[in-house]
Structure formats: C-alpha cells, structure tokens
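> Dumping the structure here so I can ask a few things about it.
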Amino acid sequence: MSTEAIAHRQKEAEMTQRPDEWLLEQGLEPDKLGLRNQSDIKINLSSPQTADANETELKLRPGAEEDDPSFVVKEERKGWHGYVEWEDYPEKKAKAHKRFQRFKFPPPPEFQLGPLPPTNPVLEGVRWKLWHKAIGGALENVPEESWDIVVEEKHPGMLHLLQFPYNGEAPKGLLIKDPITPNELHFVRNHGGIPTIEPEAFDLRIDGLVNDPKRLTLADLQNEALFPRMEKLVTLQCSGTRRFEQIQEFAGEGDEMINAPWAEGAISTAKWVGVSLKKVIKYCGGLKDGAKHLEFYGADSYFKGGELMNYVVSVPWSKVKANEVMLAWEMNGKPLPRIHGAPLRAVVMGYIGARSVKWLYRVKATPTPSRAPVQSREYLYFQQQYGKHNQLPWLGIQIQEMPVSSAIMSPWQKEVVVHNGAIEVEGWAYSGGGRWPERVEVSADGGRVWYQVPLENFSKKHKFTWRTWKMKVPIDHEGWTELVCRCWDNSLNTQPMEVRQSWNWGLHITSSCHRIKIYSVNANREATRKRLQEFEDHQESFLPITRPTEFKTMSMQEYEKMWATMEPRDVDD
Ligand SMILES: Nc1nc2c(c(=O)[nH]1)N[C@H]1C(S)=C(S)[C@@H](COP(=O)(O)O)O[C@H]1N2
Ligand SMILES: [Mo]
C-alpha cells in the first residue's frame, strides 16, 4: 500500500470509529450498543416524553395540562403519619395520575448493562423521589423522612442498594454471625416511604367476604382472652436474593422500581410475636362462601405506571388455615421497628417476603388472588424465553413458596485464599414452604466432587428458618477454582447447577448453586511454601497476583544446573 493509501485508511478509521470502539465490540459497554435490526420491521428507539437520564429536577411535559391546585394529597388519619389511603378513593387515584402525567421523569439508572456506581447508597432512586415531589402534599417529604429512619434504625455497616425506596442488606460477615438476625441488620425491602403509626391510634380493618367485619385495635389483638399468642422463628427471604448473579450473566427486567441488585443478604431471620390470622378471621365469624384469598393492605404509598396505590398483595386461605400467617407486633423481643412495619405486619411463613406486608392496616377476604400490581404484575417467575418483547403478566407464575437455596458467605468472590490443604467456608441454607435444609454440600472443583457439611456445624433446624453452616473443605489443587454450595431440603429438593438454568426476565429466585471463584494457594506444598517465604524475605507484596514478581525466582546458574541434569525440552530426531 502506498503511504497515501495508508494515510487515507487511517483517516477513514478515525471517522467511523468511536474511541471506545474496542469496548463496544467486546461487550464491555452494552448500554451504548445500537440495535442490529435484521428483520423487516421498523423499531422505535426514541422516547421524547422521558427526561434526560441525569435530570434531578422536576420537568414538565411539553403541552402539560394545567394543574388543579385544589387537589392536595392528605394523610388519612390522626396519629398515622405517612399513611395516605388510595384504595377507598378511585377519584383521588385518578387525580393523582393526572398530576403525575404533567411531568416527564428520568429513566431508571442503567446499572445492568452499565457499571454499578461504587457508592453506598449504590443507587439513589432519583426518579422515585421525583414522583413523590410531583404529587406533593403528604408525599412531599417522604423520601427524606424515610432516609432519616434508615439512619436511625439500621446498622451503620448496611449495604444500601437503593436509598429510596429503601433497600438494604447486611454485609456478608455480619449477616451470618448469628442465626437470629439482630433487628438493625435485618434486610429491608421497601416499595415506598416508611409510615409512622402511633400504636394507640392504630386499628386493623377486617372486611370483604367475612361474616362479621370488624376493626381491631392493637390492644384487642394483644388480648390473650381473645387470641392465643404466637411466637415463632421465621426467615424472610426476598425473591430478589442473589439477583446480582443473574445480572452478571444476563441483564433482565429493569423494573420501574429498580430491581435492586441484591447479593446474598436479602434474607434474615427473627423471632416474631403476634397472633395467627386464622384466629382473627374466626373471631370475625369466618369466611363467606367463595372467599379464597386474603388481601393484605400496607399503609405506604406505591407507584406503578404513574398510578398511586397502597401496597397490596394476597395469600390463599389454605395458608392462613394452616396457622402459617402471623400478624406480628414484636421482632426479637422488641416492638416492631418502624422500618419493619410498626405497629403490625404480616409474617407469611415459607413464602416470598413480598407477602409479609408491613404497616398492615386492612385484611380483606376476596374470591381471587389480589389483582393489585405487586401480586398480578410483579414478582412473577417467567419462563426463560419471555422478556420485554413478549411477556404478559398472566404468563408468569405468581411466586409464593420459596424454593431451596443456599449461599457461601465466606470466602468472597475472586479472593486469593492461602490455606493448609483445606478452606474454611461459611454460609446459609434455606428452603421455603415449611421445608428445611437437611444437607449442605460444598465442592472445591466447580461441582464434581462434593463434601458434606458435618451435621454438628449447622445452626438449629426449624420448620420455617434458614440454617447457617460452616466447614473445612479439603482442597489440594492450586490456582483459580470454583467453590460451589448446594442444599438438599427434607423433601430432597436441590438446586440447579448453573445460573443459566434459573435465569428469568424478572431476575427473581436465583436458586442455582452458589459459585465463588477463588485463587487457591496451598501452603502445604513445599514449592509454594518456599515461594511465599521469598515474598516475605524480599519484602514484596504477594498481591495483586497479576503483578509479576520483582525478585528473580531462579538464577541463571540454577537454571543451567537444572538443564544439565534434566531431559531437554527439545528432541534431536
Ligand atoms: N407495606 C409493605 N409491605 C412490604 C413491602 C413494602 O414495600 N410495603 N415489601 C415487601 C417485600 S418485597 C419484602 S421482601 C419484605 C421485606 O421485609 P423487611 O423489610 O422487614 O425485611 O416486606 C414486604 N412487605
Ligand atoms: Mo421482596
């Protein structure tokens, strides 16, 4: 090629390539990729009604309708701060929706295809905050007040995945320190603000298809002449637990709410005190014919598709009848913290955490599962081939009982572990639906050979709780390897081997075997021991392992000496 031709080529490349072309080609910035459309269909790629991604101020839509200033969102009851009733007032819902539509809001942050910010809180929830500001009135200060409660009630070490609505989990080591999670370390999953309800002002409304609808005060519920007291150790697990593993493999639904990038900590255990909902329903004359589900209403305000509502979900009567639904006011010997639902919450044993409604103010008997979006449009388990392009809410299984699952909490992902032929591994195991972990196995070779956790190394077994465990797993081999754990529950259910097998669009239920890559250095091996001593002698850091050694590991003399006695690396014929 002539120099002229080369120059021309270079110029051409400059014009067509972005400086990050290589990153794009290698899938390191998939959020910046365009669409490769090989079909005969035109696909829309612009949304002028959405505000800029970095927008932090409220922005009106062009041509927005006039606002009705006489519409002010108010709190419903005295002593119930942060409670706005939506479900009783369809007109109010419509007005709020109308006001919402006057604005354009930024899209949720792209943390699945783009990088996760290295901050704590990881995500801020700007757009959810702006929604509250847009509606105003009683919702105006909810984001700030919610954060104040987080700071007051939670452990300073919490990993805040989302500031508002608040979503946070305990760091790995602290989470499994005690099989009963201290209140301040219990994970939190909110869909809105945190109401503050005075216990004296509180009552629970029971209505719908019950024979004798009633309102019961906290004192009524706590009256042991009316209801026997119930005390139970129960593990709550969010269906988003371990979602991060799914995200790392394949991106999924970036829910409006921001599907928090949960790690292994969206699971915690507490001793709850309350009453069985079954007794309360009996006290209300039992159910009318045709009642099949019990709908739970939470006092917080939730946004879905620009509409406002209370947090509403349901559980089947059969679950209540089995005395597996508690109305609880105490958590680990203390009144419920505000952030965990004070003064009263549902605790639905062995089910997805989403059914354990906090700030519970109403139980309604209904003929069908709840049609509210948290039940009917979210927390759905889709078949692998459903996604943005083809999913419909009825195609997903409404998640109720949680499957068997487990996690390695120590060591950590990509750690270098120097050991003497065995690695200390710690973790948790859980199974929903009243099943419990009977066996946990750990593999140090990616899942070929499994070692069983000794039975004496488990926390106590209960019908509705996780078990923490630890063991020393023998490992001779060195270099990168994968620690894997799996649990067998008492029904002999176990976990799929790979994330791919449990991956789904909603990124729920990451129940596959938990895999941790570690770099194994076996100090029992003579050569390894010697080398590690040399790092010590030369005052040179062994980390990072990717950095070449500065000291010579072998002199040229020693090298020659070896070849003088060894078979050569070459052949003569
Ligand atoms: N009222 C109300 N109840 C709620 C929620 C909520 O946002 N509002 N979140 C649910 C979800 S998805 C989970 S996983 C659990 C979490 O309970 P915790 O925050 O006490 O750990 O609460 C459930 N109950
Ligand atoms: Mo959840």
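The values are calculated or read from the model by the stated rules, or taken from the named source; none is laboratory data. Being a predicted model, the structure only gives us computed values, none of them experimental. A quick note on method: Cβ atoms are made from the backbone with ideal geometry, for glycine too, and the neighbour counts reach across all protein chains shown.
> Looking at the range 311-354, which of its residues are near ligand 1 (Cβ under 9 Å from one of its atoms), closer than 18 Å to K463 by Cα and charged (D, E, K, R)?
none
> State whether one or more residues within the range 385-401 are aromatic (F, W, Y), in contact (Cβ under 8 Å) with a residue 24 or more places away in the chain and either within 16 Å of ligand 1 (Cβ to nearest atom) or not assigned by TED's automatic domain parsing to the domain that holds T241 (or both).
No; the residues of the range 385-401 include none that is aromatic (F, W, Y), in contact (Cβ under 8 Å) with a residue 24 or more places away in the chain and either within 16 Å of ligand 1 (Cβ to nearest atom) or not assigned by TED's automatic domain parsing to the domain that holds T241 (or both).
> Does the range 18-30 include one or more residues that are surrounded by fewer than 11 Cβ atoms within 10 Å (Cβ to Cβ) and either more than 33 Å from the chain's Cα centre (by Cα) or among the charged types (D, E, K, R) (or both)?
Yes.
> Report every pair of residues separated by at least 6 positions or lying on different chains whose Cβ atoms are under 8 Å apart, first residue within the range 333-347 and assigned to a helix (DSSP H, G or I), second modelled with pLDDT under 95 and buried (at least 24 other Cβ atoms within 10 Å of the Cβ).
No pair meets every condition.
> Still on this structure, I have one more. So, in the range 296-328, exactly how many residues are β-branched (V, I, T) and either out of contact with any strand residue (DSSP E or B) (no Cβ under 9 Å at 6 or more places or on another chain) or part of a helix (DSSP H, G or I) (or both)?
Of the residues in the range 296-328, 1 are β-branched (V, I, T) and either out of contact with any strand residue (DSSP E or B) (no Cβ under 9 Å at 6 or more places or on another chain) or part of a helix (DSSP H, G or I) (or both).
> Same structure again: Test V142 against the stated conditions and say whether it is away from ligand 2 (no atom under 16 Å from the Cβ), in contact with a strand residue (DSSP E or B) (Cβ under 9 Å, 6 or more places away or on another chain) and at pLDDT 95 or above.
So V142 passes the test.
> For the range 192-225, enumerate the residues that are within 16 Å of ligand 1 (Cβ to nearest atom), of a type outside the set (S, T, Y) and surrounded by fewer than 22 Cβ atoms within 10 Å (Cβ to Cβ).
L204, R205
> Follow-up. If you take the residues of the range 341-371 that are of a type in the set (K, R) and surrounded by 22 or more Cβ atoms within 10 Å (Cβ to Cβ), which of them is farthest from ligand 2 (Cβ to nearest atom)?
First, the residues of the range 341-371 that are of a type in the set (K, R): 345, 355, 358, 362, 364, 371.
Of the ones still in play, those that are also surrounded by 22 or more Cβ atoms within 10 Å (Cβ to Cβ) are 345, 355, 358, 362.
Values: R345: 13, R355: 9, K358: 11, R362: 20 Å.
Out of the qualifying residues, it is R362.
> Test W428 against the stated conditions and say whether it is on the phi < 0 side of the Ramachandran plot, at pLDDT 95 or above and in a strand (DSSP E or B).
It is true that W428 is on the phi < 0 side of the Ramachandran plot, at pLDDT 95 or above and in a strand (DSSP E or B).
> Return the residue satisfying two criteria in turn: it lies in the range 248-274 and is more than 16 Å from ligand 2 (Cβ to nearest atom) and surrounded by fewer than 23 Cβ atoms within 10 Å (Cβ to Cβ), and of such residues it is nearest to P213 (Cα to Cα).
It comes out as V273.
> Among the residues of the range 479-495 satisfying the criterion of being of a type outside the set (A, V, I, L, M, F, W, C) and surrounded by 14 or more Cβ atoms within 10 Å (Cβ to Cβ), which is nearest to Y451 (Cα to Cα)?
R486
> What single numbered condition from (1) in a helix (DSSP H, G or I); (2) within 28 Å of L308 (Cα to Cα); (3) within 13 Å of ligand 1 (Cβ to nearest atom) fails to hold for L161?
It fails just one condition, (1).
> Please go through the range 226-258 and pick out each residue that is within 16 Å of ligand 1 (Cβ to nearest atom) and of a type in the set (S, T, N, Q).
Within the range 226-258, T235, Q237, S239, T241 meet the criteria.
> For the range 291-339, enumerate the residues that are more than 16 Å from ligand 2 (Cβ to nearest atom), touching a Pro at 6+ places or on another chain (Cβ under 9 Å) and farther than 28 Å from V126 by Cβ.
A291, K292, H293, L294, E295, P316, W329, M331, N332, P335, L336
> So which residues in the range 71-130 are surrounded by 14 or more Cβ atoms within 10 Å (Cβ to Cβ) and of a type in the set (D, E)?
The answer is E75, E76, E85, E87, E110, E124.
> Identify, please: which residue in the range 372-395 is in a loop (DSSP other than H, G, I, E, B) and within 16 Å of ligand 2 (Cβ to nearest atom) and is, among those, nearest to L221 (Cα to Cα)?
Looking only at the range 372-395, we keep the residues that are in a loop (DSSP other than H, G, I, E, B), and these are 372, 377-379, 382-392.
If we keep only those that are within 16 Å of ligand 2 (Cβ to nearest atom) as well, we get 372, 377-379.
Values: A372: 27, R377: 32, E378: 31, Y379: 30 Å.
Checking each candidate, the answer is A372.
> Sticking with this one: Please state which one of E245, E264, E256 is part of a loop (DSSP other than H, G, I, E, B), acidic (D, E), at pLDDT 95 or above and within 24 Å of the chain's Cα centre (by Cα).
E264
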